[in-house]
Every structure is written in structure tokens, then in C-alpha cells.
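See structure below.
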Amino acid sequence: MSLADSIGAENLDHVKKFKQTKQCPGCDLSGADLSGLNLRQANLQGADLSGASLGGSDLTKANLSGAILTGANLNGTKLIGANLSNARLNSVRMWVTQLMDANLKGASLINAFIGKSNFTGADVTDANFNGVRCDTYTGLDGSASAAWCK
């Protein structure tokens, strides 16, 4: 299957633009393979990243506020200091994901799977963790537990 088949030809321009500029607010990047990329300080505010693969990418201090990441692969992703406020992270996979000092205010993580991830210093005010499944991870205060983790 080609890249065009997997994400739709209409999204290819958005993917190319984003890979070149790291700027794509409001873009449709659903289903895109953005794994293993240096995306530090990228602007993806309000972007649709549903089902996208961001595994192993560095999104340190990126702006993902209001972004839709439903079903995305965030395994091994660095989101240190990233702005994920009001983002939709429902059913995402976060294995060994680094979220230290991230802003998750008002984010929705319904039915997300979180394993061996680090939330130290993250702001989860008003975030929705209903149905989250967890394996070992580091909590907000450096401990290995949180009330929202099943």
C-alpha cells in the first residue's frame, strides 16, 4: 500500500508541507506516518492526527492544543513540555512516552493505553481519563501510581 492509499491523496500536500516546515495548524494529517521525526516546537494546533503514527518522534515543546489524535500511535514519543490542552487522545497508545511538564489541561484520554510512560510535572487539570488502561508508569509527582490508572 502506498502512502497515498493509506492517507488519501488530498492529505499528501499537508504531510509534505508539515515535514518541511513543522507548521500545519488545522491540517488533516490523519493516518500519516510521522514516526521517528524531529518535530520539536512543531505547530499542530487543531490538526487532525487521527490514526497517525508518531512513534519515536520528538515533539518536545510542540503545540498540539485542540488536536485530534484519536487512535494515534505515540509509543516512544517525546512530548516533553508539549501543549496538549483540550486535545483528543482517545484510544491512543502511549508506551514509553515522555510527557514530563506537558500541558494536558482539558485533554480527553478516554480508553487510552498508557505503559511505562512518564507524566512527572504534567498538568492534567480537568483531563478525562475514563477507561484508561495502564501498565507501570511514572505519575505526576514521580510516584508509580495515580487514581485515574486502572
How about segment 122-145: which of its residues are assigned to a loop (DSSP other than H, G, I, E, B), modelled with pLDDT of 60 or more, over 20 Å from A82 (Cα atoms) and out of contact with any Gly (no Cβ under 8 Å at 6 or more places or on another chain)? N130, G131, V132
Just to be sure I understand the filter: pairs with C-beta atoms under 7 Å, separated by 6 or more residues or on different chains, first member in segment 1-20 and surrounded by 14 or more Cβ atoms within 10 Å (Cβ to Cβ), second member polar (S, T, N, Q) and modelled with pLDDT of 90 or more. Which pairs pass? I7/S30; N11/S30
When you scan segment 50-67, do you find a residue that is farther than 23 Å from K16 by Cβ and among the β-branched types (V, I, T), even just one? no
Could you check segment 27-36 and list, in sequence order, the residues that are without any contact (Cβ under 8 Å) to a residue 24 or more places away in the chain and within 14 Å of K17 (Cβ to Cβ)? C27, D28, L29, L34
In segment 98-119, what residues are at pLDDT 95 or above and hydroxyl-bearing (S, T, Y)? S108
Residue in segment 63-70 that is part of a loop (DSSP other than H, G, I, E, B) and surrounded by fewer than 19 Cβ atoms within 10 Å (Cβ to Cβ) present: no
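The values are calculated or read from the model by the stated rules, or taken from the named source; none is laboratory data. All values reported here derive from a predicted model rather than from experimental measurement. A quick note on method: Cβ atoms are made from the backbone with ideal geometry, for glycine too, and the neighbour counts reach across all protein chains shown.
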